[in-house]
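Beneath this line is the structure, given in structure tokens, with notes to follow.
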Amino acid sequence: MSQQHSSVVRVRITTMALLVSALAFAGTASADSKAEIDTGVAAALKQFYAQNDAHRELGAKAAGVLVFPRVTKGGAGIAGTYGEGALVVHGRTVAYYKLTAASLGATLGVAQRREVVLFMTEGARDRFVLSHGWTIGADAGVAVVSMGAGGQYDTETLRKSILTFVFGEKGLIGDVSLEGTKISKITA
């Protein structure tokens, strides 16, 4: 590896580390209160259920519903993602979570979206709850439903133990991947 290439790699890694640190600090500094998160969760679920009649039925069958009412992703080559939400079980909020991600590559722009994760089995929900930081994409049982929350899904998708819906996109961004997104419990 040339010395010039090595320097470029170090600069990119340093820049990414700074971005992740800034994103984590910004998320902590401007963290929503639990009441604000609850209000956002209720609004996101209302929009989610209104977009497709089958969503309400899926939500009723789910062992848990993890809702992130506002997920922000932004960057130019190096990007960061942050959001806060809540896990709802049988209509009751049981815990609060944050979503974070960093990436290097084809991201360009800033955008916000909403995410709803349905744990269709108690086992999937319990594995998530007992994890110390769960990563979307690391669990083979996760189906990310494309075409927004109003899109159609097939029976193969419905066999997955975890269904993830992304909807309400606002802004412009060249990448909407969920790979590597880490979800951790908010402990404060």
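The values are calculated or read from the model by the stated rules, or taken from the named source; none is laboratory data. Computed from a predicted structure; not experimentally measured. Cβ sites come from the backbone with ideal geometry, for glycine too, and all protein chains shown count toward neighbours.
Residues that are in contact with an Asp or Glu (Cβ under 6 Å, 6 or more places away or on another chain), at least 3 per element: which helices (runs of 4 or more DSSP H) completely within the range 27-130 meet that?
none
Looking at the structure I just gave you, is Val110 under 23 Å from Asn52 (Cα atoms) and either at pLDDT 70 or above or crowded, with 17+ Cβ neighbours inside 10 Å (or both)?
For Val110, the condition - under 23 Å from Asn52 (Cα atoms) and either at pLDDT 70 or above or crowded, with 17+ Cβ neighbours inside 10 Å (or both) - is not met.
Go through (1) in contact with a strand residue (DSSP E or B) (Cβ under 6 Å, 6 or more places away or on another chain); (2) closer than 23 Å to Met120 by Cα one by one and return the number of the condition His90 breaks.
(1)
Among the candidates Val65, Val20, Val71, which residue alone is crowded, with 22+ Cβ neighbours inside 10 Å and either at pLDDT below 90 or under 22 Å from Val110 (Cα atoms) (or both)?
Exactly one residue qualifies, and that residue is Val71.
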